[in-house]
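Single-structure report; data block below.
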Amino acid sequence: MPSSGDKKQRTTKPVAPENSALADELRSQLKGKPTRCGFNRSWKHEIFSFIGDIVRVFVVAVLCLFFVFGGFGAGMLLGYASTTKPLSIGDLTSAEESQTSFVYDGNGNVIAKLTGAENVDRIYVSYSDIKDTYIDEAIIAIEDERFREHSGIDIKRIGSALLSAVANGGSATHGGSTITQQTVKLISGQDEHSTSRKVQEWFAAMQLEQNLSKDEILELYINLAPMGNNYVGVQAAAMNYFGKNASELNLAESALIAGLPKSPSYYNPLRESGRRNAQRRQRMILEKMFDQGYITEEEYENALNTELEFRQRNTDKNTTINSYFTEYAISEVIGDIAEARGISRQLASSLVYNRGYHIYTTLEPETQAILDEAFSNRDLFQSDPDLIVDYPEKPNASMVVINNSTGAIAAMQGGYGEKTLNNSWNRAVNTKRNPGSSIKPLLEYAPAFELGIIAPATIYIDEPKHLDPSRPNADWPVNYSRSYAGPVTIRTALVNSLNTIAAELWTNVGGETALWYLKQVGIDRTSEGAYPSQSVGGFTNGMSTLEMAAAYHTFATGGTYVEPYAYTQVLDSDGNVICQSDPISYRVYSAETCFFIGDILKGVVTNGTPIYYGGQIENADDEHIDTAGKTGTTSDNNDKWFCGWTPYYTAAVWYGYDNRLRQTTIPKADFNSAVKIWCYCMNKIHEDLPGATFTKPDTIITASVCSSGYYPTDACREAKATIYTDYFVSGSYLCPTDNKPCPVHVATPTPTPTLPPDPNNPNNGGPGGGGNPGGGQGGGPDPNNPNNGGTG
């Protein structure tokens, strides 16, 4: 047991005598205040405590014997132990100081520095820096009083926790995990509640004790423990809650920080209720420290009387704010390192922020600058600011741009206006909204083309339909225009976004098949099951802007889905590769399907809404660049989308309101804002790129087709039917040919001309032109000529 004189720093802030009465009054109002001094116990308490200890040891011994000597139990233990994965701790206990990590754009320029000074949510600190404070004793006193003695697991503590759970109706007053076990969980990220996991945790803890010293284990714990508000480790907690280094914490501050990892949200010092809870736990920890001999009674009383001075939230404008893209790239690196090494995200994050890594991203700075400028342009977001002056919030948006040749994320914007906080809400990734009609090319049209159900010229009937099984007599779905067009081609149906045709196609493809295709392009909603409203964009769980951009990128590649990625590789300070991006890619659609979808959706950008904002993209030399895209609107006008691509880039834009206070309908003046943002950015991105068109596969041919959808005949032309040329797959049964002529327009039979009667020819049918057999009008019957047609 350490003596009270081991510490070099014992500075507390006693309350002045004149304020002691006020302090006493405040403490009396704080529930949970210790009401006794350490070791001041009655003889009855000591006797019952002694008996309790004996019972606990006995119970634990019985349990251990059961598992160890019971054949079944022993087999289970050995089985669980054999599957325990070794912890990856090679560079986790480095004694060297924290190093700055750097993030680079695609041109090799530094775009972010990850240092303790600029990223105060996680700062590594060595145990030697805090060993002269109270923080380690405070943690040991409350979390694991026999930490210095056990070999990774504490049998007595486990037994005590079991008895506590029995005595309290299944809810233990304390856990059975040691600091070593908790460190194992913080390293591995495994926290599932099962017998196998618990046993594996025991063995991993004992392995950790064999590989590391107690001080090294404690160093890992103090740097990985969650401290609330996304802060990790005691140094981040000290700087953010008290405005000082962990090495400068006094006894009262140390005790408060030591109590936060148990439930960081419940003990959140930045909330009034959380601060009260944290101070109650702090006082309990101080009592534990006194009971265990870490502090004297005087120090205990002084700490109780110490007024905590919490740091105000940081409003320093000099703090470096990382972009939405940078934060997403860092998050992806952390996730990949955690998965590759079998460690927790918290630990992987600590490595990324403190080990001098070099992170090379896919960011295209020129493209990102265009998005940054657009998302600061109020005119693109608010057509008439006076209309929304009384709204509870202003409209927002997000955008993702993907480079078609690589599948890499070229730029990302997660919100309107200047980004003022690190790790703020990134709408491009985190906001999930229903996609409206922008889902139609992905969910039903592309699968229908791929399955050979339709061609662009295939005719469907736009009319009232009854496709909702739950309401078989109701007209569903209805078109946005609330009108019907009758027979239309698939091309027309998609360009005009007819809901009736989309739902019928979804039925023809099959709901489960449609969801399977959607999963193949990175949007997995199979757990929802298939239901008709999905055909028009009504999902239980919406889509992110990144998901939609990646899915549409599949069309731009000619049918190959590429999992979007934001970094290429990560090197350590010595140039060794820590991890590399290895995006998943596979073929989903044929090149023919993608050409059909692209060619049809060029009509949206030519004939549809976007024409008012530039139509097909042209570069600075007025050269044409093929542009295809699809709008999306939810039925309540809460969300607007535009997703599209060129031969160079794919981009998706979501526009709407965060709806923090209530559901906000987008005013009519802003219905086209998603389109405006998309066209504004994409036109600028393509200014210096050469003219380009979509690639047409060699298997695509053109053929004439009647408005009926069949091969046109002379009858079609005589009936003045519309005859046009469209694309088909060569050899497809859907391609119109002369052996399948139009059955709608049929030639009118040519009437037989009448001739004057010839009195010298009894077989002449008279002026009706009748002959043999039959006769025309005017030729009387000849009883001697059975072939004479008489009057008929």
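Limited to the stretch 627-637, what total is found for residues that are open to solvent by less than 10 Å² (accessible area, probe 1.4 Å) and in contact (Cβ under 8 Å) with a residue 60 or more places away in the chain?
Going residue by residue through the stretch 627-637, those that are open to solvent by less than 10 Å² (accessible area, probe 1.4 Å) are 627-630, 632.
Now restrict to residues that are in contact (Cβ under 8 Å) with a residue 60 or more places away in the chain: 628, 630, 632.
Count: 3.
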Of those in the stretch 153-167 that are assigned to a helix (DSSP H, G or I) and either under 20 Å from Gln210 (Cα atoms) or of a type in the set (Ser, Thr, Tyr) (or both), the residue modelled with the highest pLDDT is Ile155
Looking across the stretch 718-745 at residues that are open to solvent by 70 Å² or more (accessible area, probe 1.4 Å) and either aliphatic (A, V, I, L, M) or outside any loop (DSSP other than H, G, I, E, B) (or both), the single one that is farthest from Ala448 (Cα to Cα) is Glu718
Does Asn305 satisfy the condition of being in contact (Cβ under 8 Å) with a residue 24 or more places away in the chain and open to solvent by 30 Å² or more (accessible area, probe 1.4 Å)? yes
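Condition check ((1) in contact (Cβ under 8 Å) with a residue 60 or more places away in the chain; (2) under 30 Å from Ala369 (Cβ atoms); (3) outside any loop (DSSP other than H, G, I, E, B); (4) not small (Gly, Ala, Ser)) across all residues:
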residue	(1), (2), (3), (4)
Thr665	no, no, no, yes
Ala669	yes, yes, yes, no
Ala674	yes, yes, yes, no
Cys681	yes, yes, yes, yes
Pro690	yes, yes, no, yes
Thr695	yes, yes, no, yes
Thr702	no, no, yes, yes
Gly709	yes, no, no, no
Cys716	no, no, yes, yes
Taking the stretch 700-717 and keeping only residues that are hydroxyl-bearing (Ser, Thr, Tyr) and open to solvent by 60 Å² or more (accessible area, probe 1.4 Å), one is left with Thr702, Tyr710, Tyr711
Q: Might you let me know whether the stretch 291-298 holds any residue that is open to solvent by 10 Å² or more (accessible area, probe 1.4 Å) and of a type in the set (Val, Ile, Thr)?
A: yes
Filtering helices (runs of 4 or more DSSP H) wholly in the stretch 331-418 for at least 3 residues that are under 23 Å from the mean Cα position of the chain (by Cα), at pLDDT below 95 and within 29 Å of Cys579 (Cα to Cα) gives 345-354
Counting only residues that are of a type outside the set (Phe, Trp, Tyr) and closer than 25 Å to Thr699 by Cβ, the stretch 558-604 contains a total of 20
Note: among Gly436, Gly414, just one is farther than 26 Å from Gly598 by Cβ, of a type outside the set (S, T, N, Q) and buried (at least 20 other Cβ atoms within 10 Å of the Cβ), namely Gly414
Reported set for the stretch 97-150 where residues are within 26 Å of the chain's Cα centre (by Cα), open to solvent by less than 20 Å² (accessible area, probe 1.4 Å), at pLDDT below 90 and hydrophobic (A, V, I, L, M, F, W, C) is Leu114
Within the stretch 234-291, the count of residues that are out of contact with any strand residue (DSSP E or B) (no Cβ under 6 Å at 6 or more places or on another chain), part of a loop (DSSP other than H, G, I, E, B) and not basic (Lys, Arg) comes to 12
Subset of the stretch 452-494, residues among the charged types (D, E, K, R) and without any contact (Cβ under 8 Å) to a residue 24 or more places away in the chain, comes to Arg471, Asp475, Arg482
For the stretch 342-398, the count of residues that are touching a helix residue (DSSP H, G or I) at 6+ places or on another chain (Cβ under 9 Å), aromatic (Phe, Trp, Tyr) and closer than 30 Å to Asn638 by Cβ equals 2
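Could you grab me the full set of residues in the stretch 669-701 that are of a type in the set (Val, Ile, Thr) and under 17 Å from Asp626 (Cβ atoms)? Give the steps one after another, and end with the answer.
Of the residues in the stretch 669-701, the ones of a type in the set (Val, Ile, Thr) are 675, 677, 685, 693, 695, 699-701.
Correct list: Ile685, Thr693, Thr695, Ile700.
Among the listed residues Asn314, Asn318, identify the single one that is open to solvent by 10 Å² or more (accessible area, probe 1.4 Å), at pLDDT below 95 and under 17 Å from Lys113 (Cβ atoms). I'd like the intermediate steps shown before the answer.
On the way: Asn314 fails: under 17 Å from Lys113 (Cβ atoms).
Going through Asn314, Asn318 in turn, just one is open to solvent by 10 Å² or more (accessible area, probe 1.4 Å), at pLDDT below 95 and under 17 Å from Lys113 (Cβ atoms): Asn318.
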Over the stretch 168-185, the set of residues at pLDDT 85 or above, within 22 Å of Arg281 (Cα to Cα) and of a type outside the set (Ser, Thr, Tyr) is Ile179, Gln181, Gln182
Would you check if there is a residue in the stretch 708-717 being of a type in the set (Ser, Thr, Tyr) and at pLDDT below 60? no
Residue hits (the stretch 652-681; open to solvent by less than 10 Å² (accessible area, probe 1.4 Å) and more than 23 Å from Val536 (Cβ to Cβ)) are Ile677, Cys679, Cys681
Of (1) closer than 18 Å to Ala204 by Cα; (2) at pLDDT 80 or above, Gly90 satisfies every one except (2)
In the set Ser323, Ser331, the lone residue that is open to solvent by 20 Å² or more (accessible area, probe 1.4 Å), within 17 Å of Ala410 (Cα to Cα), touching a residue at least 24 places away in the same chain (Cβ under 8 Å) and of a type in the set (Gly, Ala, Ser) is Ser323
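The values are calculated or read from the model by the stated rules, or taken from the named source; none is laboratory data. Because the structure is predicted, anything quoted here is derived from the model rather than measured. Note that we place each Cβ from the backbone using ideal geometry, even for glycine, and neighbour counts take in every protein chain shown. To get the accessible areas, we keep the full protein, side chains included, count just its heavy atoms, and leave off ligands, DNA and RNA. Shrake-Rupley method; radii C 1.70, N 1.55, O 1.52, S 1.80 Å.
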